[in-house]
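Okay, so here's the structure we're looking at.
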Amino acid sequence: MGLEGFLRLPPDPLGLVIFAHGAGSSHLSLRNNFVAEEFEKRAITILLFDLLTEEETQNHANVFDIKLLSMRMVDAIFWSRANSDIPALPVGLFGSSTGAAAALVAAARTPSDVITVVSRGGRPDLADDALPQVHAPVLLIAGRKDYPVVRLNEAAAERLTCTWKLEVVDGATHLFKESGALEQEVVSLAGAWFETHSTKAETRL
């Protein structure tokens, strides 16, 4: 089975970030690609791929199947490790919406392979029993006007036993469509977080 996506490999990369997009999105998403391009400017390798095949997306239940989505993330982690085109890099996961839950479950299942997880407007609560099993540091980003998701992020954070931080972006809604919310706040917060943890991990390699 093939899943469509792409790999962005900058010169002298610090780390690798694997994207886990949310329901209704894909590797062609303009917003995901914008974030990927900004991360690449920070010398971060990007793997952005579709978590489901075209046929699987026809069954709407699949986009909320966290077990299936997390398995795809684990497969992507192992694929990146086995790919000779990708150097041995610290691996971080970047998830949005349901993809955030998939990223957290994948991190819990591969504690020795994932150095950190960032959730953007995500549903970490859907990771459920996997939350206490996540060992990698977690950054949760939510828009202040996205009231239900802020509360869900706060509740999920209380179940985490790892190092975590919740950043609430003022004036932003769920998709961070407001001017500067995605371009400046999300990219800056997530990019700096990945840089910091990739550098720390690289030092230990």
For LEU69, are the conditions met, namely being under 19 Å from GLY2 (Cα atoms) and touching a Lys or Arg at 6+ places or on another chain (Cβ under 8 Å)?
no
Identify the residue in the stretch 150-177 that is out of contact with any Asp or Glu (no Cβ under 9 Å at 6 or more places or on another chain), under 19 Å from SER96 (Cα atoms) and part of a loop (DSSP other than H, G, I, E, B) and, among all such residues, is modelled with the lowest pLDDT.
LYS177
Across (1) touching a Gly at 6+ places or on another chain (Cβ under 8 Å); (2) free of Cβ contacts under 8 Å to residues at least 24 places away in the same chain, GLY122 clears everything bar (2)
Restricting attention to helices (runs of 4 or more DSSP H) lying wholly within the stretch 1-104, give those where 1 or more residues are at pLDDT below 90, open to solvent by less than 10 Å² (accessible area, probe 1.4 Å) and within 20 Å of LEU140 (Cα to Cα).
30-40
Quick one: VAL118 ticks every box in (1) open to solvent by less than 20 Å² (accessible area, probe 1.4 Å); (2) in a loop (DSSP other than H, G, I, E, B); (3) among the β-branched types (Val, Ile, Thr) bar one, so which box is it?
(2)
Any idea which of ALA156, ALA130 is open to solvent by less than 10 Å² (accessible area, probe 1.4 Å), in contact with a helix residue (DSSP H, G or I) (Cβ under 6 Å, 6 or more places away or on another chain), of a type outside the set (S, T, N, Q) and over 18 Å from HIS21 (Cβ atoms)?
ALA156
Can you find a residue that is more than 22 Å from ALA127 (Cβ to Cβ), among the charged types (D, E, K, R) and touching a residue at least 12 places away in the same chain (Cβ under 8 Å) anywhere in the stretch 49-72?
no
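The values are calculated or read from the model by the stated rules, or taken from the named source; none is laboratory data. What you see is a predicted model, and the numbers here were worked out from it, not measured in a lab. Cβ: placed from backbone, ideal geometry, glycine included. Neighbour counts: every protein chain shown. These area figures cover heavy atoms from the full protein model, side chains too; ligands, DNA and RNA do not enter into them. Shrake-Rupley method; radii C 1.70, N 1.55, O 1.52, S 1.80 Å.
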